[in-house]
1. Of everything in the stretch 1-40, what is modelled with pLDDT under 95, among the acidic types (D, E) and either outside any helix (DSSP H, G or I) or buried (at least 19 other Cβ atoms within 10 Å of the Cβ) (or both)? Give them in sequence order.
2. Would you check if there is a residue in the stretch 134-150 being within 16 Å of ligand 2 (Cβ to nearest atom), more than 23 Å from L48 (Cβ to Cβ) and modelled with pLDDT of 95 or more?
3. Please go through the stretch 30-68 and give me each residue that is within 16 Å of ligand 2 (Cβ to nearest atom) and acidic (D, E), ordered by number.
4. Would you be able to say whether some residue in the stretch 72-80 is under 29 Å from E54 (Cα atoms), within 14 Å of ligand 2 (Cβ to nearest atom) and in contact with a Leu (Cβ under 8 Å, 6 or more places away or on another chain)?
5. State yes or no: is S107 under 14 Å from the mean Cα position of the chain (by Cα) and within 16 Å of ligand 2 (Cβ to nearest atom)?
6. Output the number of the condition that E89 fails; it satisfies all remaining conditions of (1) within 13 Å of the chain's Cα centre (by Cα); (2) acidic (D, E); (3) away from ligand 2 (no atom under 15 Å from the Cβ).
7. For the stretch 128-158, name all the residues that are more than 16 Å from ligand 1 (Cβ to nearest atom), surrounded by 14 or more Cβ atoms within 10 Å (Cβ to Cβ) and of a type in the set (G, A, S).
Amino acid sequence: MFQDQEAHAAELERTFIAIKPDGVQRGLIAEIISRFERKGYKLVAIKLIVPSKEFAQTHYHDLKDRPFFNGLCDFLSSGPVLAMVWEGEGVIKYGRKLIGTTDPQKSEPGTIRGDLAVVVGRNIIHGSDGPETARNEIALWFEPSELVSYASNAEKWLYGVN
Ligand code: IDP
Ligand code: MG
């Protein structure tokens with residue numbers, strides 16, 4: 001599909017993934033990272049931070065009119081969040097598949113929320129829902145210098161490029 005690695009690298013997309021305070025406190029960091037890593041996606045940024053409430057409100061600004069907005073922002077800012085950027089072909093859409101649907105009661109078994117969470121208000125993980133959101137969320141959570149571009153030796157085996 002891709003002629004060479006350079007052309008392929010230009011095609012790779014990035015998404016913002018965050019393990020929320022419940023996932024961090026429940027000791028699910030390694031479990032969640034391993035699902036993205038084993039799939040074949042590449043970690044290009046990672047940090048543990050406690051966002052302020054204002055920051056949480058900016059992150060979730062699309063939901064500001066929803067009744068759960070205030071509680072959601074209180075919750076996101078209640079403890080450490082593991083913020084990450086993952087890279088790979090189709091990672092935005094497929095990352096959402098790995099995560100499962102918003103309400104863990106409806107998430108399929110085999111997904112992160114399906115396997116590891118029970119209620120919608122404590123669904124342990126966030127993932128960008130589209131290309132524009134991914135761009136905006138990566139820019140909100142990370143400085144450009146925190147994004148690490150590197151060639152992974154696995155890529156030629158994952159993608160079949162020269
Ligand atoms: P998403 O995380 O699957 O993209 P969104 O609709 O963007 O889902 O909602 C953001 C977050 O808000 C959800 O992950 C969940 O934590 C919370 N949330 C969504 N709907 C409800 C609700 O009905 N009650 C409580 N919290 C909710
Ligand atoms: Mg969302």
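The values are calculated or read from the model by the stated rules, or taken from the named source; none is laboratory data. Bear in mind that the values here come from a model prediction, so they are computed numbers and not experimental data. Every residue, glycine among them, receives a Cβ derived from its backbone with ideal geometry; neighbour counts consider all protein chains shown.
1. Narrowing the stretch 1-40 to residues modelled with pLDDT under 95: 1-12.
Filter again for among the acidic types (D, E), leaving 4, 6, 11.
Across the stretch 1-40, the qualifying residue is only D4.
2. Within the stretch 134-150, the first condition is being within 16 Å of ligand 2 (Cβ to nearest atom), and the residues that meet it are 134-138, 140-141.
Next cut, more than 23 Å from L48 (Cβ to Cβ) only: none.
No: zero hits.
3. Selection gives D62, D65.
4. yes
5. Details: under 14 Å from the mean Cα position of the chain (by Cα): no; within 16 Å of ligand 2 (Cβ to nearest atom): yes.
Spelling it out, it is not the case that S107 is under 14 Å from the mean Cα position of the chain (by Cα) and within 16 Å of ligand 2 (Cβ to nearest atom).
6. Evaluating E89 over (1) within 13 Å of the chain's Cα centre (by Cα); (2) acidic (D, E); (3) away from ligand 2 (no atom under 15 Å from the Cβ) leaves (1) as the failure.
7. Result: S152, single match.
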